[in-house]
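Participant: Provided herewith is a single structure, encoded as structure tokens, for subsequent inquiry.
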């Protein structure tokens, strides 16, 4: 009898120990409920509640079942009818450019040359003589009117120079593929005083210096010719780098961005990001692409191999190649000449032999290759080089996930090649909204309708699309890009029905392009991109249901809360 009692007592104790330890193991640090929760998980489109433990998703399902994971320490968030999705992923942007855009002159919303001049004039008032004034965001094709004096569709420096005689000024085009300098900046660079016979003296491989009828530079420097000026701009300081980084993180949180694909960074930025991580400031997950301009950097990383961060904060496993320019500056590399400049085809800004070489190195060393291509010729040439590399190393192509960044203008024959070669198009839908009204002047109606912003054709061919904004080329706002994806309209809501409406994404496709498909584009679909058990606890919460609200109300959607790594990092005031 005594032995039976001892056995029973031992069993009760063991059961209690197991139950208590199991309860301790499974309690949630946060429970979220009370609104529409879109999972982007094929097993259940929406759920009532999500429970998380620390920085991982513990449970997804009904509120009744989720309550079992709650204890007195659980933080409870009632959505009060709001909508939640997986944390949004910026699929192509420039992180430090985002931060520095906050520090320097932001010309994104200027609507005329005079507005640029006025902004610089204000900065001149507080600048010391000789101090550089820099900014970014102007776009001549988006202005309400053009100045009287233009060369190849661009303004000249004279008005800018007149209000800034003692300060060198350099203002990057919104695309980043051109820049505008005043006389003082060109004087510092040794250019303005030259009397030239013609443009040949300014020949720059992969770039162009625009000159007037007398051969003098107009102040516009296209593509790689920008280096003639930028090499003279003082280096950034550690202090400004830290501030820019912090501002970029803050901007991500305000816009519901929990992960960021940084499209091209060098050694200094890598060191800076590692420092920020070591100091606990890496509060956005960065998936970084090595800049293809620095071959020594690439070779060093080929030897070291990819860096996949076990904390999922800073990963390097891809290479970014800049292969042509932008459409706005007429730098995009085209198969046929520009409609509004018939003697010009754009620029090949990187030798295609180097694209092939990098593709082979990528396959051999486990690095994804991401090549910038906007024009149809650039896209075709890159697809050709990728295909050649795949044929040379077929054993290394099973999961390469090579990308083309932008894939903006395609020849119809090349659209199915993305799926055939398993190349991912990373396309920023908001570019259609911003560019389409004037892009027809560059390409003509036939090329626009047959090959521009071909989202639905690409999706139907069987490839995912990675969405984003290309910040600071466009504002980081994901709602604008989501709206452009599903409406094919400008942000002013025109035209009725949208441009080439057959290419619209559905709302489900658009959300997936900002979450699970973007995660796939970075080999991270197993840890993020959907609200699924075991994945990282990154969420974006909105004031209204962006999946059902009327299209004309979509742009009223606001980010009201961002949860990153299991913690609330932003709440709208």
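All of the numbers you see were taken from the coordinates with simple rules; none came from a lab. Just so it is clear, the model here is predicted, and its values are computed rather than measured. Don't worry about glycine lacking a Cβ; one is built from the backbone with ideal geometry, like all the others, and counts go over all protein chains shown.
Participant: Project the alpha carbons of the chain onto their principal axes and report the range along each, largest first, in whole Å.
Facilitator: 113, 56, 53
Participant: Taking a temperature of 25 °C and a viscosity of 0.890 mPa s, what whole-number D in µm²/s does Stokes-Einstein yield for the stretch 33-141 with Rh from Kirkwood over alpha carbon pairs?
Facilitator: Translational D for this selection: 132 µm²/s.
Participant: I want the antiparallel fraction of DSSP beta bridges within the stretch 96-230, as a percent rounded to 5.
Facilitator: DSSP beta bridges in the stretch 96-230 are roughly 65 percent antiparallel.
Participant: Just from the alpha-carbon atoms, what are the Rg and Dmax of the stretch 96-230 in angstroms?
Facilitator: 13.9, 41
Participant: In addition: How many percent of DSSP beta bridges within the chain run antiparallel, rounded to 5?
Facilitator: Here the antiparallel bridges make up roughly 50 percent for the chain.
Participant: Fewest Cβ neighbours within 10 Å first, please rank 301, 455 accordingly.
Facilitator: 301, 455
Participant: Still on this structure, please answer the following. Would you mind ranking 514, 170, 69 by Cβ crowding within 10 Å, fewest neighbours first?
Facilitator: Final ranking by Cβ density, sparse to dense: 69, 170, 514.
Participant: How are the Cα pair distances of the stretch 290-387 distributed, in percent, across 5 Å bins from 0?
Facilitator: Binned Cα distances yield the sequence 3, 13, 22, 19, 15, 12, 8, 5, 2, 1, 0.
Participant: Please work out the Cα center distance from the stretch 415-465 to the stretch 518-573, rounded to the nearest Å.
Facilitator: 25
Participant: Another one. First measure r as the distance between the Cβ atoms of residue 494 and residue 146, then evaluate 1/(1 + (r/R0)^6) with R0 = 22 Å and state the FRET efficiency to the nearest 0.05.
Facilitator: Given R0 = 22 Å and the Cβ-Cβ separation, E is 0.60.
Participant: Sticking with this one: Could you calculate the contour length gain from residue 43 to residue 384, that is, 0.36 nm times the residue separation minus the distance between their Cα atoms, to one decimal place in nm?
Facilitator: Using 0.36 nm per residue and subtracting the Cα-Cα distance, I get 119.0 nm.
Participant: For the chain, take the longest principal axis of its alpha carbons; what is the angle in degrees between that and the long axis of helix 352-365, to the nearest 10 within 0 to 90?
Facilitator: Between helix and principal axis, roughly 20 degrees.
Participant: Here's a follow-up. Which of 146, 30, 427, 572 comes first, and how do the rest follow, when ranked by fewest Cβ neighbours within 10 Å?
Facilitator: 572, 146, 30, 427
Participant: To continue, here is another question. With axes computed from alpha carbons, what is the tilt in degrees of helix 429-451 against the longest principal axis of the chain, rounded to the nearest 10 within 0 to 90?
Facilitator: For 429-451 against the chain, the angle is about 60 degrees.
Participant: Another one. For an R0 of 45 angstrom, estimate the FRET efficiency from the Cβ-Cβ distance between residue 398 and residue 162 and round to the nearest 0.05.
Facilitator: Computed FRET efficiency for residue 398 and residue 162 comes out at 0.15.
Participant: Let me ask another. What angle, in degrees between 0 and 90 and rounded to the nearest 10, separates the Cα long axis of helix 238-254 from the longest principal axis of the Cα atoms of the chain?
Facilitator: The two axes meet at around 60 degrees.
Participant: Give me the number: length gained by fully extending residue 446 to residue 213, i.e. 0.36 nm times residue separation minus the C-alpha to C-alpha distance, one decimal in nm.
Facilitator: Gain on stretching residue 446 to residue 213: 80.6 nm.
Participant: One-quarter of the Cα convex hull surface for the stretch 435-552, in nm²?
Facilitator: 8.6
Participant: Related question: Starting from 0.36 nm per residue, how many nanometres of slack lie between residue 239 and residue 460 once their C-alpha separation is accounted for?
Facilitator: Length gained between residue 239 and residue 460: 74.8 nm.
Participant: Another question about this same structure. Using only C-alpha atoms and all pairs of different ones, pull out the Kirkwood radius for the stretch 217-299 in Å with one decimal.
Facilitator: Every distinct Cα pair counted, the radius reaches 14.8 Å.
Participant: Give the residues of the stretch 398-435 whose amide nitrogen is closer than 18 Å to a point set 7 Å from the Cα of residue 551 in the direction of its Cβ.
Facilitator: 429-435
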